[in-house]
Every structure is written in structure tokens, then in C-alpha cells.
1. Quick check for me: using +1 on Lys/Arg Cβ and -1 on Asp/Glu Cβ, what's the dipole size of the range 86-167 about its Cα centre, in debye to the nearest 20?
2. What is the gain in length, in nm to one decimal, between Q51 and L29 on full extension, counting 0.36 nm per residue of separation less the C-alpha to C-alpha distance?
3. Ranked highest first by average number of other Cβ atoms within 10 Å, how do 158-169, 176-187 line up?
4. List the residues, sorted by chain then number, that are 5 or more residues from Q175 or on another chain and whose placed amide H is less than 5 Å from its amide H.
5. Go through 86-96, 103-113 and give me the packing order, highest mean Cβ count within 10 Å leading.
6. What ranking do R153, R245 get, fewest neighbouring Cβ atoms within 10 angstrom at the top?
7. Taking 0.36 nm per intervening residue step and subtracting the Cα-Cα distance, what contour gain separates M1 from K244 on full extension?
8. Which value, in debye to the nearest 20, describes the size of the charge dipole of the range 1-112 about its Cα centre when Lys and Arg Cβ atoms bear +1, Asp and Glu Cβ atoms bear -1, and nothing else is charged?
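Coordinate-derived values only; no laboratory data. Keep in mind the model is a prediction, meaning the values are calculated, not measured. Note that we place each Cβ from the backbone using ideal geometry, even for glycine, and neighbour counts take in every protein chain shown.
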Amino acid sequence: MLPFLLVSTRPEDEAVESEYRCFMRVTGLETGQLEQVRLDMVGLPDIDVHQYAGIIVAGSPYGTTTPDERKTPTQKRTETELTRIFTEIFTHNIPCLTTGFGTEVAAVLRGGVVTKKWGEHPQITDIFLTEAGQHDPLLQGFPCEFPTYVDHREAVEHIPENAVVLAKSLDCPVQMMRLGEFFWATQFNPELDSDAISARLQSFLDAGYPGTDDIESLVWIGRNGTGTHQGAVLIRRFIDLCRKR
């Protein structure tokens, strides 16, 4: 059975390690079934995308709307490496799930437009499936409305040609879309459960980030138990679809 690959784009060691633990928890994969590469240190190693059942590309504090002259060398390298792996994924039709920054880079690569118009402060928000989303294989059987955690300064404003919007929220018209037959992209963070949200918001609290003054009200998303919220179901559905191909 082929393993899965998690591509981490965050620059912080602790965040990268926490991210891997989150995805291990919500995917339900066993040790050795989820490999991880990080792009911030030495760039993307040589990867044969055919050696993976599916690829997950996670988010980052980086933003595609940052002017080039303000991007750090690490961010520029990360975007270049992501573009390279996305090109391979699209060319060979490898199953892929992206979140946050990964979604934004993939959208720009395909001709979409990302702006700061639809940014959202750290909060729990309601996600609404579109009609297309209700019939998408990744979301079949999902409730038409479910809560999840959002925190992003920018988002896709104009989707690429042939892309399909699968979900939206009141403050963001593209919360999820399909960019290819087996390529799904979310703006929200489906891997985060109550424990992960709490840890992230605690780190933001002293920095004065908006929306973090009442942490307890934001972590109720995990009320059904660690890793069992609706976002986690979405990720596990991705794992199942990849294995059935």
C-alpha cells in the first residue's frame, strides 16, 4: 500500500512538528504511512509523485499577495518548490488536498486571483456547501452546513478556469474548490481540532491578534472528541478515496 505525503510550508520548527501530529491524528494513518517534507529549510527533495497514494499540502503564514520585494528568500523558494510539485501533480493527475497557503499557490498557478478582500480573523465559522459540493465525491453525505476554524489574511477571489466552488462562508466566497478530478483545495484548516486550535490561539494571545480574547469559545469545535470534527472527516474521506483509486 502506497504511503501519503504531507508537504509542510511553515517556517517554524514547532509548528511543523505540531502540524504533522495533527494530520496523523485526523487521517488515522499508522506510523510510516504519512511521510513529511518541509520546504523552508533546504527546499523540496526529489520526489516521485507516483510513489504516493495522495499528497497533502498544508498552510503557512506566508501570503501570495505579499509584494515580491517584501518576500523573504525562504518564501520565494517555498513558492517555487510548490509550483514545481503542483505542476507534477496536475500533469500526472495525482490526488491532492491543499489548505490555506497551499490552496492559494495552486489557484494562482492555474490562473486564479488571490486578494486580501476575503480575509478572516481567527474564529469558528459556518461552512456552507454549494450544490456542486453536495454532489462532490469528497463531500457526499456531508451536512450542508458545518462549523470549522478559519484564520487567513487572503483568499481566492476569482477561481481558475474550470475550477468548481464546493463550499463558502458568509465572509469568504471560496472556502473550498475542486481544481481537478482528484485535486481539492480548502481555505480553512480541516486538520485542526480543539487541542490544536487552543495551542495556536494561546501563542497568538499575547501578540494582540484580533479574535483571540475568548479562546474557550473558539475551541468548542472539538467537543465530540479529538480528531472527530467535520474537518477531520473531510481529510479521512480524502484518504479513503485515494486508496480506492
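1. 180 debye
2. Here the segment from Q51 to L29 would lengthen by 6.3 nm.
3. 176-187, 158-169
4. A167, K168, S169
5. Top to bottom by mean Cβ count within 10 Å: 103-113, 86-96.
6. The fewest-first ordering by Cβ neighbours comes to R245, R153.
7. 86.4 nm
8. 260 debye
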